[in-house]
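Here the structure is laid out as structure tokens; the discussion comes afterwards.
The values are calculated or read from the model by the stated rules, or taken from the named source; none is laboratory data. These numbers were taken from a predicted model, which means no experiment stands behind them. Positions of Cβ are generated from backbone atoms using ideal geometry, with glycine treated the same way; all protein chains shown enter the neighbour counts. To get the accessible areas, we keep the full protein, side chains included, count just its heavy atoms, and leave off ligands, DNA and RNA. Shrake-Rupley method; radii C 1.70, N 1.55, O 1.52, S 1.80 Å.
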Amino acid sequence: MSFKTLLILVYSLAGLLIALFSAFMTYLIIGEPIGMKMFSKIALVVVAALPVIALISYGVGKYFFGKFEGIRYRLDQIAHGNFVSIEPQERIADVERIHRSITLLSERLSELIESLQKQNEITSNMTLSLAHDIKTPLMIINGYLEEIRDGLIAPEDLPKIVDKMGLECGYIDDLTSDVLVYLSSMNPNREREQVVIYDVVHEVLPLIPLTPETHWNIDLPREAIIEFNRMDLKKVLMNLLHNSAKFTSHGVITIRIDDEKIIIEDIGCGIDPQFFPRLFEPYSTADTSRNRQKNGLGLGLSITKNLVLNNGYNIVFDESVTVGARAIIR
């Protein structure tokens with residue numbers, strides 16, 4: 001039974017009951033038995049009222065059926081992936097609230113599906129890239145093993161071959177670690193604390209190699225505090241400072257605070273403007289040489305972006321810089 005039919009039946013039954021009640025009350029008010037003539041007139045009124053009641057019931061039922069049909073139509077559109085959030089104008093407050101809830105549901109589903117699709121694409125690309133990048137060192141290791149098995153490696157050369165195999169194993173370990181860190185960085189539930197930036201920076205600097213012609217310029221107040229997950233902050237600084245060191249062969253790399261912003265800048269080779277729109281996307285890198293010892297999977301800045309956002313901050317690269325690069329955490 002459709003909703004419209006149900007409304008018509010309910011209103012018709014209600015109208016009939018009202019008519020019968022009116023006849024009964026008439027009998028009580030008169031206070032004496034009703035004659036056949038009077039009874040027939042009352043019955044005629046009841047019968048005459050039924051079509052009017054049915055017509056009114058049909059109109060009301062059709063009106064409300066149209067409202068619910070609009071709601072059903074919007075839900076069907078959402079079910080088929082059409083997340084258009086155009087709300088019809090409604091005079092009935094309850095129906096208007098339902099449409100608002102549907103719009104909110106549509107927007108959230110659209111955002112969720114878009115996010116899931118993007119994550120699925122990232123995961124697929126990551127799997128393909130990881131498989132591609134791991135294949136090369138595995139082939140190298142396997143080649144060395146076959147040469148050792150066949151006696152093609154002289155005993156005096158064996159230590160060098162073992163060292164090379166160790167380097168390839170280390171590269172595989174770095175790749176898998178990057179993927180694990182990236183997946184971990186996507187978790188928004190970070191426990192933040194009051195961290196002294198100066199202390200964390202000096203914990204990170206000894207871990208970053210510099211050329212003899214490059215040096216650090218630390219311009220940080222010792223009392224400067226940031227509310228951040230300590231391990232996340234170390235990873236963020238490690239990635240940014242490592243990038244600066246990698247692309248600066250000589251000169252100064254500066255870490256400073258300016259107007260409550262942490263700024264890391266260098267005078268290295270800089271960033272090609274074409275890379276700015278997708279600088280924080282996975283697998284993007286300003287170094288197009290595809291040198292696997294430099295690039296890895298290109299997850300460093302993606303991890304950095306995730307960690308910064310999950311701690312309530314934002315990070316950008318200053319596109320107005322013409323020499324070197326300037327990262328700003330704010």
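Observations on the structure shown:
- Those residues of the range 217-233 which are in contact with a helix residue (DSSP H, G or I) (Cβ under 6 Å, 6 or more places away or on another chain) and crowded, with 17+ Cβ neighbours inside 10 Å, in sequence order: L220, I226, D232, L233
- For the range 80-105, a tally of residues being more than 16 Å from K67 (Cα to Cα) and over 21 Å from the mean Cα position of the chain (by Cα) returns 1.
- The set of residues in the range 174-211 being exposed (fewer than 15 other Cβ atoms within 10 Å of the Cβ) and under 18 Å from I255 (Cβ atoms) consists of D199, H202, E203, P206, L207, P209, T211.
- Boolean, I141 is modelled with pLDDT of 80 or more, within 27 Å of the chain's Cα centre (by Cα), open to solvent by less than 70 Å² (accessible area, probe 1.4 Å) and on the phi < 0 side of the Ramachandran plot: no
- If you go through the range 148-163 and pick out every residue that is assigned to a helix (DSSP H, G or I) and surrounded by 14 or more Cβ atoms within 10 Å (Cβ to Cβ), you end up with 2.
- Hey, T254 under 20 Å from D199 (Cβ atoms) and over 25 Å from the mean Cα position of the chain (by Cα) or not: yes
- Among the residues making up the range 70-86, those that are part of a loop (DSSP other than H, G, I, E, B) and surrounded by 12 or more Cβ atoms within 10 Å (Cβ to Cβ) are F83, S85.
- E90 vs. criteria open to solvent by less than 80 Å² (accessible area, probe 1.4 Å), closer than 25 Å to L6 by Cβ, in a loop (DSSP other than H, G, I, E, B) and modelled with pLDDT under 85: yes
- For the range 62-80, the condition holds for at least one residue, the condition being that it is under 30 Å from M186 (Cβ atoms) and touching a residue at least 24 places away in the same chain (Cβ under 8 Å).
- Check on L240, in contact with a helix residue (DSSP H, G or I) (Cβ under 6 Å, 6 or more places away or on another chain) and open to solvent by less than 80 Å² (accessible area, probe 1.4 Å): no
- Scan of the range 255-283 for residues that are closer than 15 Å to I218 by Cα, touching a Lys or Arg at 6+ places or on another chain (Cβ under 6 Å) and open to solvent by 40 Å² or more (accessible area, probe 1.4 Å), ordered by number: K261
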